[in-house]
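Step one of this worksheet: look at the structure below.
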Amino acid sequence: MGQTVKLDTGVSAYLAKPDGTPRGGIVVIQEIFGVNGHIRDIADRFAKDGYVAIAPAFFDHVEEGVELGYDEPGMKAGLDYVGKVGMDKPVADVEASAKYIADAGKVGTIGFCWGGTVALLSATRLGLPSVSYYGGRNDQFLGETPKAPVMFHFGGQDSHITPDIVQRHREAYPDMEVFVYPQADHGFNCDRRASYNETAAKQAWTRTTAFFAAQLEE
């Protein structure tokens, strides 16, 4: 369904367009594993739902075409790329992505893991309505004030994001929706990971699509 395009920041992005008039635009923000099959699937899913979706490849700043597996070597390599890329370049890539699909209407973001934190920063720094799935670095940025609504999803069994960290989200952003799925672990939305939890993924997706319908189609 999609195609590869080039952004002003110099990185590539996966672009998926719907049939007919778009309902809006969504920037799909990668995990530490690159713009792989799972992230492309998410973009395609939004396109089928009527949105123009674009997924910028942050790792192009270091090496083009990086797609990693959900195993120990993939995790290690992904963390190394994240360390080299940092946080500011991804936020700039999201901004460039939002501009690229601006003709679609209002634009929001959705991010997973590392991308979940980039999604939070997209709300605080770019003013884009955003959905953050298990953002492992969110805690470092809770002092930033969102300029647009943010929805948070966490797994109750996530050892990386403990209940006290989740509580800090609620305290920092009392007006934002924070959802915890008790039986779910980190990465519960990805059906290519052992931690996939179908019940939590479906419930979170329903809430996410309702969020975008309200924020992008008002």
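Of note:
- Beta bridges from DSSP with both residues in the chain: antiparallel share about 30 percent, rounded to the nearest 5.
- Scattering from the range 67-186 was approximated by placing one identical point on each alpha carbon and applying the Debye formula without solvent; log10 I(q)/I(0) at 0.19 1/Å stands at -1.05.
- In the range 49-131, the C-alpha radius of gyration followed by the widest Cα-Cα span (Dmax) gives 13.3, 40 angstrom.
- Applying a DSSP loop filter and a limit of 13 other Cβ atoms within 10 Å to the GluC sites (Glu not before Pro) in the range 12-85 leaves GLU63, GLU64.
- Gain on full extension, evaluated as 0.36 nm per residue between LYS202 and GLN183 minus their Cα-Cα distance, stands at 5.5 nm.
- Cα pair distances in the range 1-45, grouped into 10 Å bins until the bin that holds the longest one, percent each: 25, 57, 18, 1
- The range 124-218: C-alpha gyration tensor shape, a/c 1.5 cut-off, then a/b vs b/c: oblate
- Label point 7 Å beyond Cα of VAL5 along Cβ direction - residues of the range 77-98 with amide nitrogen under 12 Å: 96-98
- For the range 3-216, the dipole from Cβ point charges (+1 on Lys and Arg, -1 on Asp and Glu) about the Cα centre works out to 480 debye, to the nearest 20.
- For the chain, the longest site-free run once trypsin sites (Lys or Arg not before Pro) in DSSP loop states with at most 14 other Cβ atoms within 10 Å are removed: 1-146
- Distance cut-off 24 Å, percentage of C-alpha pairs in the range 1-93 lying past it: 20
- Multiplying the residue separation of LEU79 and ASP139 by 0.36 nm and removing their Cα-Cα distance gives an extension gain of 19.8 nm.
- Simple label model, 7 Å out from Cα along Cβ direction - ASP103 to LYS147, nm: 2.5
- Dividing the mean sequence gap of close Cα pairs (under 8 Å, 6+ apart) by how many residues the chain holds gives a relative contact order of 17 percent.
- Choice from ALA96, ALA194, ALA13 showing the highest fluctuation, given a GNM over the chain with Cα pairs closer than 10 Å: ALA194
- Just checking the listed ones, TYR173, TYR100, TYR70: in the Gaussian network model of the chain with Cα springs under 10 Å, the one fluctuating most is TYR70.
- 5 angstrom amide H check on MET151, placed H, neighbours 5+ away: SER130, VAL131, SER132
- Intensity falloff of the range 3-216 expressed as log10 I(q)/I(0), Debye formula with alpha-carbon point scatterers, at q = 0.08, 0.11 Å⁻¹: -0.23, -0.45
Rule-based calculations on the coordinates, nothing more; no lab input. Because the structure is predicted, anything quoted here is derived from the model rather than measured. No Cβ is skipped: glycine too gets one built from the backbone with ideal geometry, and neighbour counts run over all protein chains shown.
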